[in-house]
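The values are calculated or read from the model by the stated rules, or taken from the named source; none is laboratory data. Please read these numbers as outputs of a predicted model, since none were measured by experiment. Backbone-built Cβ (ideal geometry, glycine too); neighbour counts: all protein chains shown.
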């Protein structure tokens, strides 16, 4: 918000206009809610119509001794640097000294202070390539210094451009798949930021967006973010929080996992809104072949740098794979923990399981055995996850039980033991789990339990162990070979790689099914959301004329006179009484008519001019008079009621309106009927707002003499107060429905793995 409040005023006017043209029925509310949810989509930018500032991305000039190297010497150096493999043309030669990169002096001072003795293999080759202005794909094992490999060129890139001005967006974006990795990269930035007078913002879901917006408005050259939260920030406040106009350097860290987790649509939306001549860098510990085509969508003539081959566990990590039955795993776990903590009491242990429930169950069992431990998984709040990681690093908690959410970017120096209690289901996941230990050249151990029934995972684990030149146990080799035999005979099906990139497809299907169910519940045809919006617009075009507010398939009218008593059905008490009187009169008339027919028949049988005939005629005349009197009494009663002759209610008002709310989503119904809202509505509008009727499920109608459907009764002696209350209730319904729909879109499977019982 601007300091003078202008921004809020403008935004409020826009919301009011949209509110005026929205009908107050469930279908229209859901349509507007869907429209509001879609506002998070980034508008596609036509780069041909924009003029971008020129920028420089070539900073590297090879030093004389590097330029003088022959091709054979370069190949030998790359072989020494963990067998660096290059794909692409004109890749710069690797460099083995920090001073050869052409970095600013204050940047070199920080490197010296951090005791970075010499560039790692990936840094030696990737930094010259990036600083030469090339798009780069960097593939290297975990703990090899990939973060510094893209951060140092980033700082040089930013310092070459003019400073940020007010309301200008960042110059560099670093996108990561997980919150923990984002915070780790941001933490590694900090020593350089202070020295180079730069600012960085770490933006991820699960933390308050208002704090991140406040940081961005101060100005930041670098954003380290997850894709979903970046889109939230770009669309917040109609795009006035930040923008991508000055972004010239983009990093995708752990790119394979980002795409596999279903982030491809979000990543592509962000990338497509950045200038086409940007510099883009992708880094990961693994880079499956399926990723190549995706990577080349966003890169231009990239150089692919692979250090140590694809998907390799570091040589410093001792790998132990044990094939054992499920019921023996826990006792073996206790044996390993006891042995490890006898040898090194300060050791940290990370235990991986495959499900959130399994993490919590194992936590409970270990605590019963006296081990101090905590769990870490996606079902926990971000504050709890941050606290767990901080306690783990500080040594407060020596054991953490985690799902693979912690397998990316978690860097704990004292972590010496990783236990895969549940076997990883593909090779890349195994590499990343094992890579949590043995960081930066330290020694580590990775123990993996695999059951005979999990033979489909044995092949990938066998290949990963074999590729890292570690010793393969005989049991694992037999299990893997046995599964391969099953494949040949058709008795088994191969396990998927885990990198199909189909994460969002599943969510879309679930969301579509949920939308169809909602439309069916509200009696709406199964059509696309856009068509529903068109129908809503057509409906509202002929809406509101004077006091008559038309809302979809029913009307909300501001009527003159007191409100009817709606405690019984739609007729009310007075209507029911009138109907009862009419029914009683009909029965009475039927009796009189029967008596009248009997009297006439008796007079006819008696013959003319007889005493019996005269008596019968006298009876007929009396019955006619009685029937006429009954009709007159009933008519006078009904006329008196219609003319307002019934007993006057001292609380009756001159104007009223009835708003049916039975068919709205549950959260919307609760929003407009809770006590706080009622009090606020009455204070704001001065009208009386009363909750009437009871809730009926979709498709059910109230019985004739039963209470009506849930609705709000608005009453006042002044018409404008009723109008104001109707408008405010409409706004509340739209907001609540939009919030409910957005919550469902964010989490279409409702509560995830856990449920409250």
Could you check the stretch 80-172 for helices (runs of 4 or more DSSP H) lying wholly inside it with 3 or more residues that are more than 25 Å from residue 254 (Cα to Cα)? 105-113
Selection over the stretch 369-384 where residues are surrounded by 13 or more Cβ atoms within 10 Å (Cβ to Cβ) and out of contact with any helix residue (DSSP H, G or I) (no Cβ under 7 Å at 6 or more places or on another chain) yields a count of 2
Output the residues belonging to the stretch 198-222 that are in a loop (DSSP other than H, G, I, E, B), in contact with a helix residue (DSSP H, G or I) (Cβ under 9 Å, 6 or more places away or on another chain) and over 16 Å from residue 168 (Cβ atoms). 204, 205, 206, 207
Pick from the stretch 592-613, criterion loosely packed, with under 12 Cβ neighbours inside 10 Å and in a helix (DSSP H, G or I), ranking: modelled with the lowest pLDDT: 611
Exactly one condition in (1) surrounded by fewer than 22 Cβ atoms within 10 Å (Cβ to Cβ); (2) outside any helix (DSSP H, G or I); (3) modelled with pLDDT under 85 is not met by residue 262; state its number. (2)
Filter the stretch 339-368 for residues that are part of a loop (DSSP other than H, G, I, E, B) and in contact with a helix residue (DSSP H, G or I) (Cβ under 6 Å, 6 or more places away or on another chain) and give the result. 347, 353
For residue 698, the lone unmet condition from (1) in contact with a helix residue (DSSP H, G or I) (Cβ under 6 Å, 6 or more places away or on another chain); (2) closer than 22 Å to residue 559 by Cα; (3) exposed (fewer than 14 other Cβ atoms within 10 Å of the Cβ) is (2)
Of everything in the stretch 213-259, what is more than 26 Å from residue 57 (Cβ to Cβ) and buried (at least 24 other Cβ atoms within 10 Å of the Cβ)? Give them in sequence order. 257
